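No value in this document is a laboratory result; all are computed from the given coordinates. Quick caveat: nothing in here was measured; it's all calculated off a predicted structure. Every residue, glycine among them, receives a Cβ derived from its backbone with ideal geometry; neighbour counts consider all protein chains shown.
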Amino acid sequence: MAKFKKKKSEPTIDPNDSKKESVETSSPDVPETEKSEPVPETPSADPSISIVEKSEKDRKLNKLFWLRVGLAIIAGSSATFIFDGIEGEERRWASIGFMIIIFFATIIVAKGMKMQLPSSDRKKIVTQAIGSYVFLYLFSWIVTYTLVNFENISGGINI
């Protein structure tokens, strides 16, 4: 650990004399810093992936992402019409259950794509676009429900 150089000057009586301080540049008790030598790279635990395999993996993950985004919008919009006959709290839980079932279906489709993922990326099949899926499903469900039942709403802001 390197030490900082200390100022060594006599105390000044006049405040204007403080600008004339001298700083000692070398100190015999402060050791010089050592030069660090470059550390050779250690081989990673995963085998190297060729560019073709990486682009194929990225293409399939991208396809899975857009599949989930599209299904979220379609399933969220269709949930309004599918569960129209159910009233109250049951409609909400039926729609959330429908969302989970569709998501598990996309996991099965992703496993059918036969992606060659390293062991460290196996969870990407489940986590790829999960946030986008949930929020787009809920957003499209709420917007569709609001647009379909707009005339039935009696409370709220009158325009």
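Details
- Where Cα atoms sit under 12 Å apart: lysine pairs in segment 59-148 separated by 8 or more or lying on different chains: 5
- Note: relative contact order over segment 59-148, using C-alpha pairs below 8 Å and six or more positions apart, is 56 percent.
- Size of charge dipole - segment 61-130 - debye, nearest 20, with Cβ of Lys, Arg +1 and Asp, Glu -1, no other charges: 580
- Approximate shape of segment 73-148 as ellipsoid semi-axes (Cα gyration tensor, √5λ), whole Å, largest first: 29, 11, 10
- When you filter the GluC sites (Glu not before Pro) in segment 48-121 for DSSP loop state and at most 13 other Cβ atoms inside 10 Å of their Cβ, you are left with 87.
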